[in-house]
Each structure stands twice: as C-alpha cells, then as structure tokens.
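A short reminder: the numbers here are calculations on the coordinates, not readings from a lab. The shown structure was predicted, so the numbers you read here are calculated from the model rather than taken from an experiment. Virtual Cβ from ideal backbone geometry, glycine too; neighbours counted across all protein chains shown.
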Amino acid sequence: MIPFRIPLFLLVALWCVLSTAPSHAQDSSYCEEILASAAEQKLHEDRYWHILMHYQDGLFGVESLIDDPKFFLSPQGKTDPQAEIQATIRAFFEPHGDENDSAVCRFPARFEWISKRLNIDPDRIPFPACRSFENFMETARPSSVTLVFPMSHLNSPASMFGHTLLTVETADRTSLLAYSISYSAVTNETFGPFFAFKGVFGLYPGYFAVLPYYNKLEQYSDVDHRDIWEYRLNLTAPEIRRMLLHVRELESIASNYYFFQENCSYLLYFLLEAARPSLELSDRFHWWLIPLDSIRMIEEQGLITGASYRPSRTTKIGFLASNLNEPGKTAALAMADGMSYEDALMLGGLSDQEKKTACELAGEYLQYLYSKRRVSEETYQERFLSILTARSRLGTGPGADPGGITPPVQPDRGHRSNRLAIGAGVRGDDAFAELRIRPAYHHLMDLDDGYVEGAQLIFADIALRYYPEDRRLLLESLDVIDIVSLSPRDRFFSPVSWKLDTGLIRVNRDDDESHLIYQINPGGGMAFGSMKTGLFYGMLETGLNLGGALEKRYAAGAGGSAGIVRVVGGPWKIHAYLRDIYYGLGDSYNLFEAVLQQSFAISPDQSIQADISRRRTGDFAQTEFRILWNLFF
C-alpha cells in the first residue's frame, strides 16, 4: 500500500487558514460592535463629524462642500453622513500592505476623533497610528499658528479683495521658514475678465497647499506691492495637532473654488473649527465672504491675540525715497542702474547719512528689478555686490531704517464691507429720496483707514429713488462692478491707473424723462501725487451704452476724464473731476459732466457724503445735488 502524503506547502497553507480565521472573525465581530456603538451614539449627527466632512445644511438636506470623490469612502458620503461614518469605520479595519495607503493615514483626523469617542482598542486594528504624521510632528514641533492677510491689489483679479492663509510656526524656525497652509484656485489663466468670470461661477478647482512660508510668498506675482498683516492666534498644542490632522486629510483633495463663497477664507474656517470645535464660523456664513470680513469674525471668536505689520518692498522703497532729496534719489537710481558708487554718490554732494540711505534704497530697488526679471541674475549679483561694498564702506548704523515705517491702520479696524446709504437730493426741479445698498467693498470717497489709498472696488451697488411729487419709485442705478485704481507714478514706479464701470444707469436725452440703459465704461491713464497733497489723474476712456431708450439701441464712443482726490484733513475727503465722451457710433451725442464730491467720516462705520454735479447729454443739461448718510455693517 502506497502511503498517503500531503505536500508540505498544503500543510502550511492549511495552518495559515486555520490560524487566521478566528482572528478575522474576531476583527469582523469587533468592527460590528464599533459600528453598533457609533449608531447608538448617533455619531454621524455630531457637529465635529460635520466639521471634518465639511457638511452644510441646504434646501435638500446635508451636503459636503468637498467635490472630490477621493474624499469620501462611501459612494453616498457627500450627502449621507451616516453612510460615510460607517464606511470610514469599516476602512479602519481593512488590512493594507502600505501604512500610508491605509484609512488611518489617509484620514487621521477622522480616526483620532472616532477612536477616542468609541474607545477603539488599538490592538484590534491593522494600523493603530499613522507613523509618517507622527514623525512629521516630532520633526516640525509646531508651536503656534498665525493668520496672514496680504492686502488687496487691484491689478490682479485674484488679489482684489486680499487673501488669507495660515502659517504654522515651529520651535526652531523663523517666521519665514514656517509652514504656510492656504486654499486657492489652481489655474494658468492670466486674462483678468476670464479669470474673474470663471472664479465667480466656481469653474476652477481649489486645493489646499502646504509650503514653506517664503515659497508661498514667492508665488504671488504682485507680492512686492502688497503689505502683509500677520495675526497671532491663541491655539493650544492639542488644537494645533487637530488642525494639522485635518490638513493632512485635505491634501490633493479638490473643491470648486468660488470667489465670493467657497473661497480662501471660508475653507480656512473648517481648519480652525477642527482645531477648536467650540468656534462658530462656518455656520455664520450666508451669501458671500470677503477675506477682510473673515478676519473680523475670527477676532470676534476670541482667537486673535495681536497683529504685526510686514511692509512690502514698494512700501520700503517709498519710505527710503521719502528720506532723500532729488539728488539722493538720482544717486540711488544710478547705482541700481550699474553706475559705480563713487560716481553715483558724487552726483549731489550728499551727507554721510544720505549716502547710507541712497545705498539702501539702491539695494531695495535692485532687488525689486530682479524680482520682476528686468535684470539678469548675473547683472543683479554684480550690481548688488557693488552696492553692498559701498554701504559697508560708509560704516555701521542705518541710513533711514525701514523698521521706522509707521504701520498703517490695521485692515480689520477700517470700515465694514457692506454699506447702507440713506439720503435725499434735488435733480433739476424734482426732489427725491434715495436708498442705496452694496455688499462690497470700498468707494474712493470712503475713509481709507485699513484700505489701499486710491483704490475703489464696488460690487452690486443698488440705488433706488423715490420722487414724492410724482409718487414714482425708480431703480436709479445698479453698479454690477465699479473699479478704480489710481496708482501714483514716481521716479521708481510707473504703474497704469485704470477703471472699469459696468451696470445699469439712468440718462436723459432730449427730454426731462430719464431712461434706464446698460453701460460699459473702461479707461486707463496715469496718476501723480498722494492723498495728502492731492492725487491727480487723467484717463482716456471708452463707452458703450445699450438699451431701448437709444434710437439705434446702442451708442459707442471715446473721450477722457481728469480729476483730483485729496484728504483735506483727517476724515474730510474731496473728489473733483471732469469727464467728456463723444458717442459717434450708433446714436450720436456728447456726454459732459463736472462733479464735486465730499465726504466726512463720523466714525469708521459712519460718514456723510455730499455731491453736486452738472451733466449735459446732447442738448439736455441738468444739475443735481445729493446728500447721503452712509452706514457700514
């Protein structure tokens, strides 16, 4: 009889099956216990679970603001919190060959919170911790968090309202070497109108990015023009850990980016709430959120402990230039342009103090030229070394120390973004009452404290007028968007000033009746001076009017404007301008207007504005006087 032999590999396989089957059965049973506990505690209804999943209540129930399917472990996870938490718990028990691919490492904030709430035994799951995250925490040793606000810059559509991001400072690094955490739209689009249109309607993907702070600053093409405010937050070490756990979950996860809704500020709310669940930030959001308003809301929650100011390079250059006479500025420009320091400093018979300042100004300006790629790296290094050599020969001690720059008013201390205006006036012989409301942002006549001087950004400004004699209530105007950027030119910078105004306006043709038409009015030109001495400007403009009140349904033309804006003293500001446009295509007529505006700020959130204007459209001329009480909220 031939003996029956079982091959060795079959014995090994049988032993593996028999030895592991009870373990899998036990793990499966334990997983079901955890699922039952989660259901019993209704963990899917817990606010912290909704914070981690970015759930929001809507007209049709709960829905996550995250649009990337990779963020959800259940096919119904975007709209079903219970299905998602069940799928998440099951995923914790799934074995993986690579720890980084496990649900524990992909979603460490979910795991830490669920495991603590349900008291999960770490010995009963394949990966009880994410070692790569723990190694990062041990290496980085995060110590504090700062909210960063680069000021608005109208020449960049993405920067018009400013931007917010977070930095995480570590125990042994300077602030510039901190880690930055930001949420922004990802696009290569450079054409402003397309960029703005697609951003408004959420046609760009938005991603969180974690970069060294200095790298993040280099990404801003306009960083040289943007002052930065840094607000210190009082997050504790456990809170910082919870925030970073959630940041880890959001890496490489996309969401639709909306300029006025799901933007750089609103998505940061979820990080702060993940850190400190008692905060009420995301739930207070309604229709739109401007970065500056988000800072105020965060301060109201008691998170901000202080603020510091980081002037831009252009601010530093302006400060140094203000401490030099014209020969000193000439010497600085000459050194930046490559003239030897011996020849340059001989140009104006400068004092030792002025020579130091001239060298420091030349160095800052040369760095600006290099950042704008106006000089090559080789030329930059050669000239910069020459300037440093010249400065060292002048001895220690600063010329005009940029550290002496007086910080302006903090952005969050300026007026609120929303405005309600109530007023009255007379147009021709007709008296009227006026009501205006706008959701954003800043008018040229508003108090500049906390805002960029010479900049206007108006969005959706609606004006209603009631004429009591005729008992008429009319839509007077609707400014869809009204932008003015008056950037003064000097010997160092030559920016273009520009404007864009589009929306509904009322015009008078050859009768006393006003007619509603749609206008598009862009322009560009130059500005000189300052708000204190008078900001003078001149622009070439074009105009396109559309509407049934026009005989040919449209009128197109060109012309120009010139004016002055000045802060007369403290809260008192004036703006006077002339504007003349000849419409020669379509309907043919000439528009001329002379306007004087004055405003007086009672407080940051209240002002009185008085306007008088004389307008002539074709052969019809009319004078108007109006006074408004502006309330910001």
Can you compute the label reach from residue 40? Point 7 Å from Cα along the Cβ direction, backbone N cut-off under 20 Å, restricted to segment 56-83.
82-83
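Given Cα positions, please report Rg to Rh for segment 328-467, the hydrodynamic radius being the Kirkwood one. If you can, show how the numbers build up before the last one.
Details: Rg = 24.9 Å, Rh = 19.3 Å.
Rg/Rh for segment 328-467 comes to 1.29.
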Taking the simple approach of a point 7 Å from Cα along Cα-to-Cβ for both residue 201 and residue 576, what is their distance in nm?
4.5 nm
How far, in nm, would the chain grow between residue 155 and residue 232 when pulled straight, counting 0.36 nm per residue and subtracting the alpha carbon separation?
24.9 nm
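For residue 215 and residue 520 in one chain, what is 0.36 nm times their gap in residues minus the Cα-Cα distance, to one decimal in nm?
Details: separation 305, 0.36 × 305 = 109.80 nm, distance 3.89 nm.
Roughly 105.9 nm would be gained on extension.
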Which percent of Cα-Cα pairs in segment 317-404 sits in each 10 Å bin, short to long?
20, 55, 24, 1
Could you state the number of Å between the C-alpha centres of segment 257-306 and segment 40-73?
18 Å
When the Cα centres of segment 438-472 and segment 616-633 are compared, how far apart do they sit, in Å?
12 Å
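What is the gain in length, in nm to one decimal, between residue 381 and residue 592 on full extension, counting 0.36 nm per residue of separation less the C-alpha to C-alpha distance? Write down the numbers at each step before the final one.
Details: separation 211, 0.36 × 211 = 75.96 nm, distance 5.33 nm.
Result for the pair: 70.6 nm of gain on full extension.
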I'd like the FRET efficiency for residue 284 and residue 462, computed as 1/(1 + (r/R0)^6) with the beta carbon distance as r and R0 of 25 Å, rounded to 0.05.
0.60
Which of the residue pairs 216/372; 42/70; 70/198 have a Cα-Cα distance greater than 22 Å in the structure shown?
42/70; 70/198
Which one is right for this structure if Rg and Dmax of the Cα atoms in Å is calculated from it: (i) 27.5, 88; (ii) 31.2, 127; (iii) 31.6, 106?
(ii)
Say a paramagnetic label sat at a point 7 Å from the Cα of residue 309, along Cα to Cβ; which residues of segment 232-250 have their backbone N under 17 Å from it?
232
If R0 = 51 Å, then residue 531 and residue 138, at their Cβ-Cβ distance, give a FRET efficiency to the nearest 0.05 of 0.50
Taking θ as phi - 60°, what are the ³J(HN,Hα) couplings along segment 616-633 by the Karplus curve (6.51, -1.76, 1.60), each to the nearest whole Hz, with x for Gly and Pro?
10, 10, x, 9, 9, 10, 8, 10, 9, 10, 8, 10, 10, 10, 9, 10, 9, 8
What distance in nm separates the simple spin-label points at residue 619 and residue 47, each placed 7 Å from Cα in the Cβ direction?
6.9 nm
How far apart, in nm, are two points set 7 Å out from the Cα along the Cα-to-Cβ line at residue 389 and at residue 401?
2.9 nm
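Taking 2.2 N^0.38 Å as the expected size of a compact globular protein, what ratio does the Cα radius of gyration of segment 412-472 give against it, to two decimals? Intermediate results must be reported in sequence, preceding the final value.
Working: Rg = 14.5 Å, N = 61, 2.2 N^0.38 = 10.5 Å.
Normalised Cα radius of gyration, segment 412-472: 1.38.
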Kirkwood-based Rg over Rh for segment 141-310 (C-alpha set), two decimals?
0.94
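Give me the percent relative contact order of the chain, please, defined on Cα pairs under 8 angstrom at least 6 residues apart.
Numbers: 1253 pairs, mean separation 46.2, N = 633.
In percent, rounded to a whole number, it is 7.
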For segment 49-181, divide the Cα radius of gyration by the Kirkwood radius and give the resulting Rg/Rh value with two decimals.
1.06
